[in-house]
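A.B. asks: Quick one: structure below, then a few questions.
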2 protein chains.
Amino acid sequence: MAKVDITLIQKLRERTGLGMMDCKKALEETDGDVEKAVELLRKKGAAVAAKRSDKTTTQGIVHAYIHPGAQIGVLIEINCETDFVARTEDVKLFAHDVCMHIAALKPLYLSADQVEHGYLEKEKEILAEQLAQLGKTGKVAEQIMEGKLKKVFSEICLLNQPFVKNDQFTIQQLLEHLIAKTGENIRIARFARYQIGN
Amino acid sequence: MAKVDITLIQKLRERTGLGMMDCKKALEETDGDVEKAVELLRKKGAAVAAKRSDKTTTQGIVHAYIHPGAQIGVLIEINCETDFVARTEDVKLFAHDVCMHIAALKPLYLSADQVEHGYLEKEKEILAEQLAQLGKTGKVAEQIMEGKLKKVFSEICLLNQPFVKNDQFTIQQLLEHLIAKTGENIRIARFARYQIGN
């Protein structure tokens, strides 16, 4: 196996937020191809996250962010399995990053399954109307609809939004990295975003 | 009019949070009786508050408080009439005090009129049952019921709760003092309280 350049490892760490050894191993497995390594680590992270996601999360932290000027404020609750992980810098940084993200990108819901039924139905109706006018029917219309709904979710659902500080990841993927790094199931329990005049 | 002792003025200021001149005047009017002066100032504060309460509040601040240990967090939105007042230390201190109060006293609602209908009906049902068992009927039962409901509100509604740092005032009265002091209509728009394991 080829020796991996330290600058590549550094680059991969910045991209994934994962540890030195994980990044080194991933680059060794992909012969130094950063893109492939990112994909590999994402899959790993997602796999770890899936494995852990049935673990109960009764510990955690509450974190707040007030945007300078005090016109926007965010409160968030992060849950994890142990108090030990709750008190780590990783969790604190994650909570802070997500708070700043929420302040900037104004998500309306936590996840796609929390979107109000009425809201979703109305969106679907509008999209169906647009597709009908374009003469799209059957499977093609369905596929376009799916893509459009995915876009709606990526605009209004926190977990589906691209992370404001690095839009190569969604918040869901950022969370999966944290789960992979800490080895604990972690979830965003809830958030509130207040803005003056809103 | 008798000259008023400075220590009395100081005492009254601590009790009401109002300015030096207001307290001096109130004490002069009540011949140095602190209790009567408190009452006078409260009535004045309430009157000013009533006069101002129809003014639109479109400015304000968002404030947060995270209790040490990060297991409890509070987010609050305070509205007022002008950005000038929003940026004063008085409003900031009020927001901070109310956040700490909410962290400690866990109000479920902002005000009595926001209590869920179902919750209120159930409370009334229980109280009616208790009164019937005690053989209380008619006007007596009504009066007792009213008193008991008032107690319920003072336990679950933020504005009706006695202020945690000085239980001689309710949060509503604390707000009225702030309105009297700033000369602007101010309101608590909303709050969120998150606690790990709740």
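A.B. asks: So how much accessible area does A:Val91 have, in Å² to the nearest 10, using a 1.4 Å probe?
C.D. replies: 0 Å²
A.B. asks: If you don't mind, another one. Can you list, shortest first in nanometers, how far B:Ile144 lies from the same residue in the other copies, with each label 7 Å from Cα toward Cβ?
C.D. replies: 7.0
A.B. asks: B:Lys55: which aspartates and glutamates have alpha carbons under 13 Å from its alpha carbon, excluding same-chain residues fewer than 8 sequence positions away?
C.D. replies: B:Glu81, B:Glu184
A.B. asks: With r as the distance between the Cβ atoms of A:Gln114 and B:Lys124 and R0 = 41 Å, compute the FRET efficiency 1/(1 + (r/R0)^6) and round to 0.05.
C.D. replies: 0.80
A.B. asks: For chain A, what does the alpha-carbon gyration tensor say about shape, rounded, prolate or oblate, given a ≥ b ≥ c as the root eigenvalues, a/c under 1.5 as rounded, and a/b over b/c as prolate?
C.D. replies: Oblate, because a/c is 1.5 or more while a/b does not exceed b/c.
A.B. asks: To test your reading of the geometry: what angle, between 0 and 90 degrees and rounded to tens, separates the Cα axis of helix B:20-29 from the longest principal axis of chain B?
C.D. replies: 80 degrees
A.B. asks: Got the A:His96 label distances to the other copies yet, label 7 Å along Cα→Cβ, in nm, shortest first?
C.D. replies: 2.0
A.B. asks: To continue, here is another question. Would you look at the GNM of chain A, springs on alpha carbons closer than 10 Å, and say which of A:Lys44, A:Lys150, A:Lys136 moves the most?
C.D. replies: Largest GNM mean-square fluctuation: A:Lys136.
A.B. asks: Compute the separation of the alpha-carbon centres of region B:138-198 and region B:112-136 and state it in Å as a whole number.
C.D. replies: One Cα centre to the other: 19 Å.
A.B. asks: Could you compute how much accessible surface A:Arg13 exposes when probed at 1.4 Å, giving the result in Å² to the nearest 10?
C.D. replies: 80 Å²
A.B. asks: Using only alpha carbon pairs under 8 Å that are at least six residues apart, calculate the relative contact order of region A:119-176 and give it in whole percent.
C.D. replies: Relative contact order, region A:119-176: 19 percent.
A.B. asks: Under the definition of partner shielding as Cβ atoms of other protein chains within 10 Å of a residue Cβ, what is the mean value for peptide B:185-197?
C.D. replies: 4
A.B. asks: Over the protein assembly as shown, consider all pairs of different Cα atoms and compute the Kirkwood hydrodynamic radius from their mean reciprocal separation; express it in Å, one decimal.
C.D. replies: Averaging 1/r across every pair of different Cα atoms and inverting gives 25.3 Å.
A.B. asks: Another question, then. Evaluate peptide B:70-79: per residue, the Cβ atoms of other protein chains within 10 Å of its Cβ; return the mean as an integer.
C.D. replies: Averaged over the peptide's residues, the number is 6.
A.B. asks: What are the distances, in nm and sorted shortest first, from the label point of B:Gly118 to the label points of the same position in each other copy, with each label point placed 7 Å from Cα along the Cα-to-Cβ direction?
C.D. replies: Its label point is 1.7 nm from the equivalent points in the other copies.
A.B. asks: Quick one: accessible surface of A:Phe84, probe radius 1.4 Å, all protein chains present, in square angstrom to the nearest 10.
C.D. replies: Roll a 1.4 Å probe over it and A:Phe84 shows about 150 Å².
A.B. asks: Output the pairs from A:Lys36/A:Lys150; B:Lys24/B:Lys181; B:Lys11/B:Lys43; B:Lys11/B:Lys165 with a Cα-Cα distance over 20 Å in this structure; if there are none, say none.
C.D. replies: With Cα atoms farther than 20 Å apart: A:Lys36/A:Lys150.
A.B. asks: Would you list which aspartates and glutamates come within 17 Å of B:Lys106, measuring only between C-alpha atoms, while excluding same-chain residues fewer than 8 positions from it?
C.D. replies: A:Glu77, B:Glu77, B:Asp97, B:Glu116, B:Glu155, B:Asp167
A.B. asks: Can you give the direction-averaged projected area of the convex hull of the alpha-carbon atoms in region B:70-132, in nm²?
C.D. replies: That works out to 6.7 nm².
A.B. asks: Give the ranking of A:Ile126, B:Ile196 by solvent-accessible surface, highest area first, calculated with a 1.4 Å probe.
C.D. replies: Of A:Ile126, B:Ile196, the descending order of accessible area is A:Ile126, B:Ile196.
A.B. asks: Leaving ligands, DNA and RNA out of it, rank A:Phe94, A:Phe191 by accessible area with a 1.4 Å probe, largest first.
C.D. replies: A:Phe191, A:Phe94
A.B. asks: With N residues in region A:132-198, what two-decimal value do you get for its Cα radius of gyration over 2.2 N^0.38 Å?
C.D. replies: Region A:132-198 yields a ratio of 1.55.
A.B. asks: What number, in percent, do you get for the relative contact order of chain A if the mean sequence gap of Cα pairs under 8 Å and at least 6 apart is divided by its residue count?
C.D. replies: 27 percent
A.B. asks: Measure nothing but the geometry: give the 0 to 90° angle between the long axis through the Cα atoms of B:138-156 and the longest principal axis through the Cα atoms of chain B, rounded to 10°.
C.D. replies: 60 degrees
A.B. asks: What is the average number of partner chain Cβ atoms found within 10 Å of a Cβ in A:55-68?
C.D. replies: If you average over the peptide's residues, the count of other-chain Cβ atoms is 4.
A.B. asks: Need one number: buried accessible surface between chains A and B, 1.4 Å probe, both sides summed, DNA, RNA and ligands left out, in Å² to 100.
C.D. replies: Approximately 1900 Å² gets buried when A meets B.
The values are calculated or read from the model by the stated rules, or taken from the named source; none is laboratory data. Since the structure is predicted, the reported quantities are computational estimates derived from the model, not experimental observations. Note that we place each Cβ from the backbone using ideal geometry, even for glycine, and neighbour counts take in every protein chain shown. In case anyone asks, the SASA skips ligands and DNA or RNA and just uses the protein heavy atoms, side chains included. Shrake-Rupley method; radii C 1.70, N 1.55, O 1.52, S 1.80 Å.
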